[in-house]
Every structure is written in C-alpha cells, then in structure tokens.
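Notes for the one structure printed next.
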Amino acid sequence: VQLQASGGGLVQAGGSLRLSCAASQRTDSSSAVGWFRQAPGKEREFVAAIRWNGGTTVYADSMKGRFTISRNNAKNTVYLQMNSLQPEDTAVYFCAAGRPILSAMDRSDMYYYWGQGTLVTVSS
C-alpha cells in the first residue's frame, strides 16, 4: 500500500487547509488511515483516524472541534479538514494505514504503511 499525502502549505492563523491522503489500494492490513504530525523538535503525535468500513473516527482531544477526518472510499482517499489553524499546528503531517483495533487507533506503531508527509505552516 502506498500513501500520498498532499494539501499542505502556508496559511495565516485562523485559516483552514484540507489535507488529502490517497491510498494505492485498500487491503485487510490497511483498514484504517490515521493522520499524525510532527513539529520541529517534538515527537510525532496523533491527530485523527478513520476506518474505511463504517467510517468510525477517532480524534486527539486537542483536535476535536477544529479538525474533521473523512474518507471517500471510491477514490481511496482520506481527508483532514483543518479549521481555526494556529501557529502551534505547524508541523509535517503524515498519513498512515494499518489495522489497529478501536482502542489503539491513536498508536503510531499500529500503522504499517506511511506516506511521505506534507508540511503545514501557520503564520501568526
């Protein structure tokens, strides 16, 4: 499974961006897609995840209400709509695919396939 993340860029504080993660295929081992981010000098952190079947979603508490994850099964694409962006949201955003159980959808070690990342920069 290959993942292609796109949609990053430079945005002013309070602005919005929509990231896309296109998967080459969906398999039993890639039943969920997650977004993670890593800011300079910080550890990678979970943002949100969604299952292809059923659309179950999980969010990091700090992202709830601002970020929305969705998917288009016909296009094998997962989206991350990010609103009210703040400078602290600046990071490289990665999408990943795996088969985590519901309680582990926020764990990066549950994802087997990773995209190359897309940079989001939020200016103040």
Checklist entry - Of all the residues that make up region 2-13, how many are small (Gly, Ala, Ser), farther than 12 Å from Thr90 by Cα and open to solvent by less than 50 Å² (accessible area, probe 1.4 Å)? => result 2
Checklist entry - Which is surrounded by fewer than 20 Cβ atoms within 10 Å (Cβ to Cβ) and either on the phi > 0 side of the Ramachandran plot or touching a residue at least 40 places away in the same chain (Cβ under 8 Å) (or both), of Ser30, Ser16? => result Ser16
Next on the checklist: Ser62 - would you say it is over 20 Å from Ser29 (Cβ atoms) and open to solvent by 10 Å² or more (accessible area, probe 1.4 Å)?
Outcome noted: yes
Checklist entry - Which members of region 35-47 meet the condition of being crowded, with 17+ Cβ neighbours inside 10 Å and out of contact with any Lys or Arg (no Cβ under 9 Å at 6 or more places or on another chain)? => result Trp35
Checklist entry - Where residues in region 56-67 are part of a strand (DSSP E or B) and in contact with a Leu (Cβ under 8 Å, 6 or more places away or on another chain), which of them is nearest to Ser16 (Cα to Cα)? => result Phe67
Item to check | Hits in region 66-124 - residues which are closer than 16 Å to Ser30 by Cβ, within 15 Å of the chain's Cα centre (by Cα) and among the polar types (S, T, N, Q) | outcome: Asn72, Asn76, Thr77, Ser108
Checklist entry - Filtering region 93-115 down to residues that are within 23 Å of Lys42 (Cβ to Cβ) and part of a loop (DSSP other than H, G, I, E, B), which residue is most open to solvent (accessible area, probe 1.4 Å)? => result Arg107
Checklist entry - Regarding Asn53, is this residue over 14 Å from the mean Cα position of the chain (by Cα), closer than 14 Å to Ala22 by Cα and either open to solvent by 10 Å² or more (accessible area, probe 1.4 Å) or in contact (Cβ under 8 Å) with a residue 12 or more places away in the chain (or both)? => result no
Next on the checklist: Taking the condition of being in a strand (DSSP E or B) and under 13 Å from Val122 (Cα atoms), how many residues in region 68-92 meet it?
Outcome noted: 3
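The values are calculated or read from the model by the stated rules, or taken from the named source; none is laboratory data. Nothing here was measured: the structure is a model prediction, and the numbers come from that model. Cβ atoms come from the backbone with ideal geometry, glycine included; neighbour counts cover every protein chain shown. Each accessible area value is taken on the protein alone, full model and side chains, heavy atoms only, with ligands, DNA and RNA left out. Shrake-Rupley method; radii C 1.70, N 1.55, O 1.52, S 1.80 Å.
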